[in-house]
Amino acid sequence: MTEKQKLDVRYHVEDFDVNDRPRRFLEAFAAILKHSNYRVALDHFIRVSAKCSRCATTCHVYQATGDPKDIPCYRSELLLSVYRRHFTMGGMLRGRVAGTGHLTDEKVQEMADSFYDCTACRRCNHECPSGIDHGLITHLGRYILSEIGIAPRALVVSTREQLEGASGNTSAIPVPALIDTLEFLTEDMLEEKHVNIAFPMDVEESEFVFFPAVSDFLMEAETLMGIAAVFTATGDSWTIGTGYFDGINYGLFYSDRMLERVVKKIDNETRRLKGKKVLIGECGHASRSAKQFLPIYCGGKDAYPVINIMEYTHKVWKEGRLKLDPNVITEKVAYHDPCNIARQGWIIDKPRELLKAFCKDYVELTPNGEDAVCCGGGGGTVSIDEIRPYRTTVGGKVKADQIRKSGCKILVAPCANCKKQLRELVEDQGIDCEVAGLHDLIYKAIIFDDSLKVSPDEKQTGEEE
């Protein structure tokens, strides 16, 4: 099998020429350094790099494989050595004198493989005595590779549909199908809860414009129903826009150029609807990409505030506007912290407080919070179905051990990527555990005010109309 065929199994490759990859890699690297501020970080990292391998103690991939090449500082050094040799004065002079250290195709190949074995969870950052951000280096390496046409096919195809396709979203859901789905869910909820729970569409000047991971519309109906139920209980204004309704941003995983274009679609749709705030669903990476990058690409201090739905639900519950029945969920429940919203301490306590309020048997995974273990499919790797065996036997091994030890029967995972990975993980590892979203359980436990209830006669009249 040729090198191109090996890459085509996993990567989307454009204008491929094995002999030309080092030159193109360096040209892309130079262009990115010229038009970004990565150089400041890299100059710092090459000065303080200790290569002490303390990060190995926190890396779930290395703990599963024991391979020194999976130690985060080894992986980071792959790119830092290229920067040191080709983009610093000392490195260039030494290289010319000694005639060594040139970037080779073998090293480009090693970086391509290594950067997508990492889940970019950034847990190793907590242990690094030098403060090196290995997740950032992994991201930059992926960005450079994507600029020369090497990136996971799944990410490229989905992003292309989102930015250039007819549907304008990563799951290729046309607007009529979206409307039909939401109407069906509304009817289903009326039948089950005896309450008119609606999904507002294109309502201008709403408080919140809602962007879930678009895959929720296909695979996470209970999560959507729970979110709609919460807004019905509170009466606050929200809307889904038919111009754009996808919170997923795969650019966060492989390309800053794509990241910016997707973020601007969220900004444009919010402006079109004259909304006041951007509301992201439970998804971790969708929340982080909007929270961190809307201010960078769309207005700075004047950018729309970004709120994760769990923050909203916690707030209205604390205000007494949301009531939950503590007798509905009887199974043992645990909570998984998505890396993108927990690693830096953003959303940790709020979902736990909610769960403890109505789940009688709540247990913790250990470690958790800022130090939580990645699900094993982070950094977009969960989208690469070709590496599922790797994700569930290597990347997810430590998480599987956590779940088993907790004895939980329901694992709450408020992230579209985490849910997919964890469901495949418990299936492949033979763990008796259901994976669900936070709002899946809230939907089961929510208590509506009697004034919202629809009588059988009213429901029958509505159906006839």
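The values are calculated or read from the model by the stated rules, or taken from the named source; none is laboratory data. If you're wondering where the values come from, they're calculated on a predicted model, not measured in any experiment. Note: ideal-geometry Cβ built from the backbone for every residue, glycine included; neighbour counts use all protein chains shown.
Remarks
- Of the residues contained in the range 44-52, none is found to be surrounded by 12 or more Cβ atoms within 10 Å (Cβ to Cβ), at pLDDT 95 or above and of a type in the set (S, T, N, Q).
- Residue count for the range 333-361 satisfying the condition of being assigned to a strand (DSSP E or B) and within 23 Å of residue 417 (Cα to Cα): 3.
- Residues that are in a helix (DSSP H, G or I) and touching a His at 6+ places or on another chain (Cβ under 8 Å) were ranked within the range 115-125; the one that is modelled with the lowest pLDDT is 125.
- The test for being of a type in the set (Val, Ile, Thr) and free of Cβ contacts under 8 Å to residues at least 24 places away in the same chain holds for residue 348.
- Residue within the range 301-317 that is within 19 Å of residue 172 (Cα to Cα) and either in a loop (DSSP other than H, G, I, E, B) or not polar (S, T, N, Q) (or both) present: no
- Matching option when the condition is of a type in the set (A, V, I, L, M, F, W, C), closer than 26 Å to residue 268 by Cα and either touching a strand residue (DSSP E or B) at 6+ places or on another chain (Cβ under 6 Å) or assigned to a helix (DSSP H, G or I) (or both), among 166, 198, 177, 172: 177
- Scanning the range 375-391 for residues that are surrounded by fewer than 23 Cβ atoms within 10 Å (Cβ to Cβ) and either assigned to a helix (DSSP H, G or I) or without any contact (Cβ under 8 Å) to a residue 40 or more places away in the chain (or both) yields 383, 385, 386, 387, 388, 389, 390.
Listed here are the residues, each with its yes/no results for (1) outside the structural domain of residue 262 (by TED's automatic domain parsing); (2) within 25 Å of the chain's Cα centre (by Cα); (3) of a type in the set (Val, Ile, Thr).
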position	(1), (2), (3)
189	no, no, no
197	no, no, yes
202	no, no, no
207	no, yes, no
223	no, yes, yes
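- Any hit, the range 99-116, residues being closer than 17 Å to residue 26 by Cβ and within 18 Å of the chain's Cα centre (by Cα): yes
- Hey, residue 408 crowded, with 19+ Cβ neighbours inside 10 Å, touching a Cys at 6+ places or on another chain (Cβ under 8 Å) and more than 26 Å from residue 248 (Cβ to Cβ) or not: yes
- Residue in the range 228-240 that is touching a Phe, Trp or Tyr at 6+ places or on another chain (Cβ under 6 Å), of a type in the set (Val, Ile, Thr) and either touching a residue at least 24 places away in the same chain (Cβ under 8 Å) or crowded, with 18+ Cβ neighbours inside 10 Å (or both) present: yes
- Among (1) closer than 21 Å to residue 423 by Cα; (2) at pLDDT below 95, the one test that residue 364 misses: (2)
- Extreme residue, farthest from residue 377 (Cα to Cα), among residues of the range 53-64 that are touching a residue at least 24 places away in the same chain (Cβ under 8 Å) and surrounded by fewer than 17 Cβ atoms within 10 Å (Cβ to Cβ): 54
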